[in-house]
1. Could you grab the pairs with beta carbons closer than 6 Å, sequence gap of 6+ or different chains, first residue in region 534-551 and not assigned by TED's automatic domain parsing to the domain that holds residue 490, second one buried (at least 24 other Cβ atoms within 10 Å of the Cβ) and modelled with pLDDT under 95?
2. Just one of 103, 86, 146 is in the same structural domain as residue 187 (by TED's automatic domain parsing), more than 30 Å from the chain's Cα centre (by Cα) and of a type in the set (Ser, Thr, Tyr); which is it?
3. Just to be sure, is residue 417 of a type in the set (A, V, I, L, M, F, W, C), crowded, with 24+ Cβ neighbours inside 10 Å and in a loop (DSSP other than H, G, I, E, B)?
4. Quick check on region 373-404: of everything there that is in a helix (DSSP H, G or I) and among the hydrophobic types (A, V, I, L, M, F, W, C), which residue is surrounded by the fewest Cβ atoms within 10 Å (Cβ to Cβ)?
5. Looking for something over 20 Å from residue 483 (Cα atoms) and buried (at least 20 other Cβ atoms within 10 Å of the Cβ) - is there at least one such residue anywhere in region 428-436?
6. Scan region 42-64 and tell me whether some residue there is under 20 Å from residue 3 (Cα atoms), assigned by TED's automatic domain parsing to the domain that holds residue 199 and without any contact (Cβ under 8 Å) to a residue 12 or more places away in the chain.
7. I want to confirm something. Restricting to region 126-167 and keeping residues that are over 26 Å from residue 179 (Cα atoms) and among the hydroxyl-bearing types (Ser, Thr, Tyr), which single residue is surrounded by the fewest Cβ atoms within 10 Å (Cβ to Cβ)?
Amino acid sequence: MFRIRRIYDDAIPVNRVVIARVQEILRAQFPGLSEKEILSLPDKLRNPFKYRFRSILFVAEDNRQNLKGFALLQYAPDLRFAFLDYVATSGRGTGGGVGGALYDRVREEARTLGAAGLFFECLPDDPDLCRDPAILRQNAARLRFYERFGARPIAGTRYETPLKTGGDNPPYLVYDDLGRNQPLALSQARPIVRAILERKYADVCSLSYIEMVVYSFRDDPVRLRPPRYNRQEVNSAVQAKTPGDQRILLLVNSEHSVHYVRERGYVESPVRIRTILKELEKTDLFETRKADPFPDRHIVAVHDARFVDYLQRICAGLDPEDSVYPYVFPIRNTARPPRELPIRAGYYCIDTFTPLNRNAFPAARAAVDCALTGAQSLLTGQRLAYALVRPPGHHAERRVFGGFCYLNSGSIAAQFLSQAGPVAILDVDYHHGNGHQDIFYARSDVLMVSIHGHPRFAYPYFSGFEDERGTGAGEGYNLNIPLPEQIGGDDYRQALDKALQRIRRFQPRFLVVALGLDTAKGDPTGSWDLKAADFGSNGRRIGELRLPTLVVQEGGYDNRVLGVNARHFFTGLWQGAFRS
């Protein structure tokens, strides 16, 4: 078994390792390739237009992240064509298995990019052009493999003219129409051929050679060699599906439903998750998996250990039908918590409406595992992950809970990711992310940005003001954008653009989005007027950051529109990340 994923850059360690392995295969299997060209691969991925091509690297890995093969695709946006530079496996040959899967993925990408077609070079299966019988057989095997997909050499041109008189084994130019069954017009072909020769081979191809090859293309439409190896009609259609490496990893808190507070007016209920899932299932964007268990050390890296111990002990000691609501608060003396655990609730809570019950801690603990599994997936090359969890977490501070939140899953995930590079947290819940702010207020490696209702009228009331910018090393790394009580989609987009501008300046390696859907029109906990189209637009803007992104579910309580808004948000996020 293996998976195929795209390598966007060398920012994370796992990508640096796999790029080094790709370079090893290039050295071993393409001895004519210069070391300069091999070493330029990371820069090509980071700076796509410096080389007049956008370089796209796909790798096939087994479940232990051993490299099984790779494909390097070049895309020219100006002429809208794709050129397959290399496809290679760690073993021999490209037929079937890994090679076939890689070529399928390349075709999907070229079709998605709107390429006029996929071009590549393949050594000849003509004995007049290849004198070595063993190499001739290898060349024939490759062309047989590609012909299965409908790709055939372009005929009737001088593309395979050796650079030096008497040269052996000059390549064909092969064309794959990506299953469109549309001939290639001469007016398209000549500029594309010129671009291939000038951009890839300017150091070895003279101007006169390039002109000779370009103007040897005379057929309109361009003529392909008749099928030689596959006499039956080939089904070369590109499947219309979301590629596996572009799916959003979906992690659903399996323990969320045990936490069910049935008091009248309590809106943080299990139906929220079911409502969202029902709508997400209408898309082809998600891949679901179970969360992995993570040790408690990741929690106490963010939360005070005594606070965590208290939550665990009091929840475990309550009867299944009992709930404890904080009602005594340590305004006068915070240093001496009361002995009785139920009375001590106010020592660790910021409000009177967030109950503790037997299942609060297990549900919150399972939510943490979902968020950490999503964060871990980003470190292994996943681009988008969604922790669909309840209870939410962004109001949980280092040593207090509140606002239906017990453990701050998003902050725990951000702390986990910060060990591999700077992290930005974008909190788009209607209510201020006071938990994130409290936890990272004195740090410069985690940028916290929150867009929320002004604390003059919105929970939690005591934080979220514009002048709260961080302290010490963290000064300037906390940005609050409080908004008026009544706003619509246009006003919100202006605030979001301000937030995204700050995130771009920060240049994080990872993004954690605290997703509140309580910004929707009619939400019982909010006052704004955002509609489904607004969520789609906002998701797209966030996706266009092109960062490895973990989304952690926070608020959103109007079940009439909750799922629809979630679906629009993630559709926009996906489009921004992969299609913009």
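The values are calculated or read from the model by the stated rules, or taken from the named source; none is laboratory data. This structure is a prediction, so every number in the text was calculated from the model and none was measured. When we count neighbours, we look across all protein chains shown, and the Cβ atoms used for this are built from the backbone with ideal geometry, even at glycine.
1. Cβ pairs passing all conditions: none.
2. Selected residue: 146, the only one of 103, 86, 146 that is in the same structural domain as residue 187 (by TED's automatic domain parsing), more than 30 Å from the chain's Cα centre (by Cα) and of a type in the set (Ser, Thr, Tyr).
3. Taking the combined requirement at face value, the residue does not satisfy it.
4. Only one residue tops the list, namely 379.
5. Checked region 428-436: no residue is over 20 Å from residue 483 (Cα atoms) and buried (at least 20 other Cβ atoms within 10 Å of the Cβ).
6. yes
7. Looking at residues that are over 26 Å from residue 179 (Cα atoms) and among the hydroxyl-bearing types (Ser, Thr, Tyr), I get 165.
Conditions tested, residue by residue: (1) surrounded by 16 or more Cβ atoms within 10 Å (Cβ to Cβ); (2) at pLDDT 95 or above; (3) of a type outside the set (A, V, I, L, M, F, W, C).
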site	(1), (2), (3)
92	no, no, yes
102	yes, yes, no
105	yes, yes, yes
124	yes, yes, yes
